[in-house]
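The values are calculated or read from the model by the stated rules, or taken from the named source; none is laboratory data. Nothing here was measured: the structure is a model prediction, and the numbers come from that model. As a convention, Cβ positions derive from the backbone with ideal geometry for all residues, glycine included, and neighbour counts pool all protein chains shown. Calculation scope for accessible area: heavy atoms of the full protein, side chains included, ligands and nucleic acids excluded. Shrake-Rupley method; radii C 1.70, N 1.55, O 1.52, S 1.80 Å.
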Amino acid sequence: MVGAMDVEDLRERAPRWGLGDAAVGLLVGWVATAVVVSFWVSAGGHEPSQTSLGALAAGEAALWLGLLGAPIVASRRKGSGSLAQDFGLSVRWTDALIGLPTGVACQLLLVPLIYLPLQQFVSKHDLEEPVRKVTDSAHGGGYIVLTIVVVVGAPIVEELFFRGLVLRSLQRRFGDAWAVVGSALVFGLAHFEWLQLPALVALGLILGTMAVRTKRLGPSIFTHAGFNLVTMIALGLSR
C-alpha cells in the first residue's frame with residue numbers, strides 16, 4: 001500500500017508543466033518575432049537582399065526565445081530540471097541512421113503523394129515559394145549559415161518544443177493518440193503556411209509517433225533535419 005507520505009512525495013515529484021507553458025512559449029516567440037522583424041525593417045539602411053536574410057536571422061532568434069525558452073523554464077521551475085528526463089531530449093548516433101533516411105523519404109515520397117490529388121492546382125514551385133523567397137536572397141556564406149539554421153537549429157528547437165513540451169503535455173491529459181494528432185496540428189498551424197499545412201501536419205504525425213514510441217527526441221530531430229535538408233539542397237541546385 002502507498003502511504004500518505006508516499007502519495008505526497010509523488011505529487012511533489014510529478015511535473016507541473018503543461019499546455020499553459022507551451023501557449024506562453026508560442027505567444028512570446030510570435031510577439032518577439034513581430035517586434036524584432038518590424039524593428040529591423042523599419043531601421044532601414046540595408047539593401048533589400050540583406051534585409052530579407054537579416055530579418056530572417058533576427059526573427060528566427062526571436063522565435064527561438066519562446067520555443068526554446070519555454071521548455072527550459074518549464075523544466076527548471078516545474079519539472080526535474082533535466083530536458084532529457086522531462087521532454088526526452090536525448091540523441092544517439094543510431095538516430096541519424098534511422099532519422100535522416102526517413103526525413104528524406106518523407107520529403108521525396110510522402111509530400112508528392114499528399115499533393116497528388118491537387119497537382120493540377122498546386123505546383124512544386126508553389127510549395128517551395130515561402131522558402132525560395134528567403135533562399136534567393138542568401139548567397140555564399142549567407143546560404144551556408146541559413147542551411148545550418150534550417151537543418152540543424154530548427155529541428156532541435158522545434159522538436160524540443162512541439163514533440164517535447166507540447167506532445168508530452170497533451171499526452172499526460174489525453175493519451176498517446178490525441179497527443180500525436182494534437183501536436184501535429186499545432187506544429188502545422190504554427191508555421192502559418194496554409195498551402196504547406198497538409199504536408200506539415202503529416203510530417204508532424206510521423207515525428208510525434210517516433211517521439212511516443214522511442215520516448216526520446218533523437219529520431220524525430222534527425223528526421224526533421226533530413227526533411228529540411230532535401231529542401232535546402234534542391235533549392236541550392238536550382239539557383
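Taken over the stretch 152-185, residues that are among the hydrophobic types (A, V, I, L, M, F, W, C) and either surrounded by fewer than 20 Cβ atoms within 10 Å (Cβ to Cβ) or free of Cβ contacts under 8 Å to residues at least 12 places away in the same chain (or both) amount to 8. Summed over the stretch 68-79, residues that are out of contact with any Gly (no Cβ under 7 Å at 6 or more places or on another chain) and either at pLDDT below 95 or under 18 Å from Leu207 (Cβ atoms) (or both) total 1.
Would you please name the residue that is farthest from Arg163 (Cα to Cα), looking only at residues in the stretch 192-239 that are of a type in the set (S, T, N, Q) and more than 13 Å from the chain's Cα centre (by Cα)? I'd like the intermediate steps shown before the answer.
Taking the stretch 192-239 first, the residues of a type in the set (S, T, N, Q) are 196, 209, 214, 220, 223, 228, 231, 238.
When the remaining residues are screened for being more than 13 Å from the chain's Cα centre (by Cα), the result is 196, 209, 214, 231, 238.
Details: Gln196: 19, Thr209: 9, Thr214: 12, Thr231: 22, Ser238: 32 Å.
Residue satisfying both the conditions and the ranking: Ser238.
Consider the stretch 77-104. How many of its residues are of a type in the set (A, V, I, L, M) and surrounded by fewer than 16 Cβ atoms within 10 Å (Cβ to Cβ)? Total satisfying the criteria: 2. Here the helices (runs of 4 or more DSSP H) wholly within the stretch 149-239 that include at least 1 residues being at pLDDT 95 or above, of a type in the set (Lys, Arg) and over 21 Å from Gly20 (Cβ atoms) are 197-214.
In this structure, Arg132 does satisfy being open to solvent by 10 Å² or more (accessible area, probe 1.4 Å) and either closer than 25 Å to Val24 by Cα or more than 14 Å from the chain's Cα centre (by Cα) (or both). Would you be able to say whether some residue in the stretch 212-223 is surrounded by fewer than 18 Cβ atoms within 10 Å (Cβ to Cβ) and not charged (D, E, K, R)? There is at least one residue in the stretch 212-223 that is surrounded by fewer than 18 Cβ atoms within 10 Å (Cβ to Cβ) and not charged (D, E, K, R).
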